[in-house]
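Asker: There's a structure below that I have some questions on.
The values are calculated or read from the model by the stated rules, or taken from the named source; none is laboratory data. Note that the structure is predicted; figures quoted are calculated from it, not measured. Using ideal geometry, Cβ is built from the backbone for each residue, glycine included, and neighbour counts are taken over all protein chains shown.
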Amino acid sequence: MKRLLEDAGVQRALSYIKADDDRTWDELMEFCVIPAPSHEEQLRAEYVRKKFLEIGLEDVHLDAVMNVFGTIRGTEKTGRDRPFMVLAAHTDIVFPMSTPLEVKVEGDKFTCPGINDDSRSVTELFTIARAMIDAGIRPYHDLVFCANVCEEGLGDLKGAKFIFAQEKKPYAFISIDNPVDGGIVWYGTGSRRYRVTVHGNGGHSFADFGFPSAIHGLGNIIARISEIEVPKLPKTTYNVGVINGGTSINVIAETASFLFDMRSDSQEELDRMEGIMRAAVKDCIEQENERARTRHGITEERYMLTAEIEQVGDRPAGTQPVDSPIIRAAWEAAELVGITPELRDETSTDANIPISMGIPAICIGRGGREGGVHTTSEWHIRDNDWKAPQRTLLCTLAMTGLEGVIEPKI
């Protein structure tokens, strides 16, 4: 890291990032008001594509799922199979297309849904790429900048999964996506998500009283799930986040559903939880049908409840040694630019995918002060915002290497 910091080209690039901060901010003001729910990132993808071309990155393109790529070629001559690493930030936000996206200013606080997560991070890709090109920095290995899709919610890490499903994979991956500028997420909390749907015959609430209700069955399942005990370590959680169903107050519901999220640092615990959830669904549906038979004399199968379980998300868990080179590089780079490094373990990110595959990866913080993430009151205060992309540049160069300065650390 000291050798990197002493290099004239690196010094110029770091100075460039600081001087470029106002332009990066202007780009954030443009970018954060572009709607981009998961699976609907077209407008943002086109914005990024044009920026990558303006900056002068090579091989600028979109892949089949709308990830956007641009490359700074390395100095190593290894033909078509030359190794590369990826520096990424995601384009999607958690808000639906109809959400008003307007930047409101109150003193030094700027408020807009998605202004930080992950809009700020995408604009940091721009300033890092500009700085490297301005300083003439060519890493030893290819560096691919990527604005990827579908990190949030039911996007289910589709962009990252697509990248690592290819035959030729990055040898290292850094995602900029943490609310703490010195944050380093070094392992992946796994999650599985399901839509549980209960079906019934329905009927009039008075005339057909006793027919099993999809909503009653659903409520029974949720009550059973809420009694599940989980360990503190490995940390394991669950949540019913969305409920849908019914048509009117005096109608026995034909259909009802809920979305269920479970998370754990352990794949084995996720397997155990899934088994408990599936058993709860089966048992509760049988109870509701038996109640209809014994209490109300309903015997025809066409009136009985059925349930289906659809998996709608799967983020694998994974870990790596805490003293691995990519984590040490992020830590030391933060200290060198005046950011307090901090190991974070509270989330799952795009880095889950490579970590689960044994590929070195981290998720690191973006610049500035922020709060209200995933709310419509999400806010940002400018506070030495440039330090985070400076740290990211140093960490990235430690992984790719820089000819005449350092060899790649992976």
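Asker: Yes or no: I128 surrounded by 20 or more Cβ atoms within 10 Å (Cβ to Cβ), part of a loop (DSSP other than H, G, I, E, B) and touching a strand residue (DSSP E or B) at 6+ places or on another chain (Cβ under 9 Å)?
Answerer: Against the criterion (surrounded by 20 or more Cβ atoms within 10 Å (Cβ to Cβ), part of a loop (DSSP other than H, G, I, E, B) and touching a strand residue (DSSP E or B) at 6+ places or on another chain (Cβ under 9 Å)), I128 does not qualify.
Asker: Quick one: F145 ticks every box in (1) in a helix (DSSP H, G or I); (2) surrounded by 22 or more Cβ atoms within 10 Å (Cβ to Cβ) bar one, so which box is it?
Answerer: F145 satisfies every listed condition except (1).
Asker: Give the range 62-84 a look and list any residue that's over 20 Å from the mean Cα position of the chain (by Cα) and touching a residue at least 12 places away in the same chain (Cβ under 8 Å), or say none.
Answerer: Hits for the range 62-84 are G70, T71, I72, R73, G74, T75, E76, D81, R82, P83, F84.
Asker: Kindly establish whether L259 is at pLDDT 95 or above, in a strand (DSSP E or B) and surrounded by 17 or more Cβ atoms within 10 Å (Cβ to Cβ).
Answerer: yes
Asker: Still on this structure, I have one more. With the requirement that a residue be farther than 22 Å from K161 by Cβ and touching a helix residue (DSSP H, G or I) at 6+ places or on another chain (Cβ under 7 Å), what does the range 61-84 give you?
Answerer: Those that are farther than 22 Å from K161 by Cβ and touching a helix residue (DSSP H, G or I) at 6+ places or on another chain (Cβ under 7 Å): I72, G74.
Asker: On to the next question. Filter the strands (runs of 3 or more DSSP E) completely within the range 25-100 down to those with at least 3 residues that are surrounded by 20 or more Cβ atoms within 10 Å (Cβ to Cβ), among the hydrophobic types (A, V, I, L, M, F, W, C) and assigned by TED's automatic domain parsing to the domain that holds T376.
Answerer: Result: 68-72, 84-90.
Asker: Among the listed residues E335, E310, identify the single one that is without any contact (Cβ under 8 Å) to a residue 40 or more places away in the chain and surrounded by fewer than 17 Cβ atoms within 10 Å (Cβ to Cβ).
Answerer: From the options E335, E310, the qualifying one is E335.
Asker: Would you mind finding the one in L5, L14 that is hydrophobic (A, V, I, L, M, F, W, C) and either in a loop (DSSP other than H, G, I, E, B) or at pLDDT 95 or above (or both)?
Answerer: L14
Asker: Limited to the range 196-218, what total is found for residues that are among the small types (G, A, S) and surrounded by 18 or more Cβ atoms within 10 Å (Cβ to Cβ)?
Answerer: 6
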